[in-house]
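The values are calculated or read from the model by the stated rules, or taken from the named source; none is laboratory data. Note that the coordinates shown come from a computational prediction; the quantities given were computed from them, not determined experimentally. Cβ atoms come from the backbone with ideal geometry, glycine included; neighbour counts cover every protein chain shown. Just so you know, the surface numbers come from the protein's heavy atoms only, side chains and all, with ligands and any DNA or RNA stripped out. Shrake-Rupley method; radii C 1.70, N 1.55, O 1.52, S 1.80 Å.
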Amino acid sequence: MRTTPATRQFTDDSLPDEVLYDILDDARFGPNGGNRQPWHVIVVRDQERKEQIADLWDLGMREDHAFYDAGLVPFVAAEAYWRNPPGGPSEQPVDLETARVTPRQEGRAPMAEAASKVPVVLLICVDLRKVTAMDSGLGRLSISAGGSAYPFCHNILLAARDRGYGGVVTTQLVRQEAAVKACMGIPDEFVLAAAIPLGKPVKEITKLRRDPVEAFATVDHFSGPAFIR
Ligand SMILES: Cc1cc2nc3c(=O)[nH]c(=O)nc-3n(C[C@H](O)[C@H](O)[C@H](O)COP(=O)(O)O)c2cc1C
């Protein structure tokens, strides 16, 4: 956990199917609601498909970057509920249409480009019929259902790290979910939870930056004293 970073730069080394199988074979032990194991993983190796994914990824990144350019947290969850009324138009604080149709001069964004070059991109799909949104109807964005997908995703990174490989859990591609579903034949009941490029990291990172425990844990009350040893 301490030495598994977000890896976004990869060497040209391959990731053999046997190794990838073992990675998924470990990752499947992730916790998930009701042990219904709602995931379906598409192992994307085909170059043409990776190029399609990279193009769509770039569109998602343009939207993401439009927020950063405006000094905002992209699609901030605190506002997601009221900004996206069901059946109504989405009200975003930045012009996403303009962002999507404005390509970067240098071509696809580095992360999108990397997706076309890595040995494999995993598309983590989730069967909505199998996940519980325990926090639905609370007048805010529902977040619980994702908890049945992301521990599995992190397990993939941990299992890859154990074998000398790396990757990153990403959601930028999810902005183009409809196109990804059409392109990859993903059934209606499934959603795209994440895309994980996997390969050999260009450099091994062993130190991650995180806040200390006492910065986020308190005793007996949210405003209680910092939890210390
Ligand atoms: C739910 C989730 C979504 C993420 N989405 C993206 C993404 O779309 N693109 C990306 O490059 N990284 C993405 N990340 C990776 C984070 O940026 C990364 O985990 C964080 O910055 C910590 O990096 P580190 O472990 O190398 O310190 C995502 C991570 C999570 C858990």
Checklist entry - Which numbered condition trips up Met134, out of (1) closer than 23 Å to Pro16 by Cβ; (2) open to solvent by 60 Å² or more (accessible area, probe 1.4 Å)? => result (1)
Checklist entry - If you take the residues of the stretch 172-190 that are over 19 Å from Met61 (Cα atoms) and touching a strand residue (DSSP E or B) at 6+ places or on another chain (Cβ under 8 Å), which of them is farthest from the ligand (Cβ to nearest atom)? => result Glu189
Checklist entry - If you go through the stretch 95-124, how many residues are surrounded by fewer than 17 Cβ atoms within 10 Å (Cβ to Cβ), in a loop (DSSP other than H, G, I, E, B) and not polar (S, T, N, Q)? => result 6
Checklist outcome for this item: Cβ pairs under 7 Å, 6+ apart or interchain, first in the stretch 123-135 and hydroxyl-bearing (Ser, Thr, Tyr), second assigned to a helix (DSSP H, G or I), ordered by first then second residue, are Thr132/Gly33; Thr132/Gly34; Thr132/Ser144; Thr132/Ala145
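Residue-wise test of (1) within 16 Å of the ligand (Cβ to nearest atom); (2) outside any loop (DSSP other than H, G, I, E, B); (3) surrounded by fewer than 18 Cβ atoms within 10 Å (Cβ to Cβ).
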{"residue": "Arg2", "(1), (2), (3)": "yes, no, yes"}
{"residue": "Thr7", "(1), (2), (3)": "yes, no, no"}
{"residue": "Asp26", "(1), (2), (3)": "no, yes, yes"}
{"residue": "Phe29", "(1), (2), (3)": "no, no, yes"}
Checklist entry - Val73 versus (1) part of a loop (DSSP other than H, G, I, E, B); (2) surrounded by 16 or more Cβ atoms within 10 Å (Cβ to Cβ); (3) under 17 Å from the mean Cα position of the chain (by Cα): which is the lone unmet condition? => result (2)
Item to check | Condition met for Tyr68 (away from the ligand (no atom under 15 Å from the Cβ), part of a helix (DSSP H, G or I), hydroxyl-bearing (Ser, Thr, Tyr) and modelled with pLDDT of 95 or more) | outcome: no
Checklist entry - Name the residues in the stretch 141-189 that are open to solvent by 30 Å² or more (accessible area, probe 1.4 Å), touching a residue at least 12 places away in the same chain (Cβ under 8 Å) and outside any helix (DSSP H, G or I), would you? => result Leu141, Ile143, Arg163, Gly164, Val169, Thr171, Glu189
Item to check | Asp22 being away from the ligand (no atom under 16 Å from the Cβ), of a type in the set (Asp, Glu) and part of a helix (DSSP H, G or I) | outcome: yes
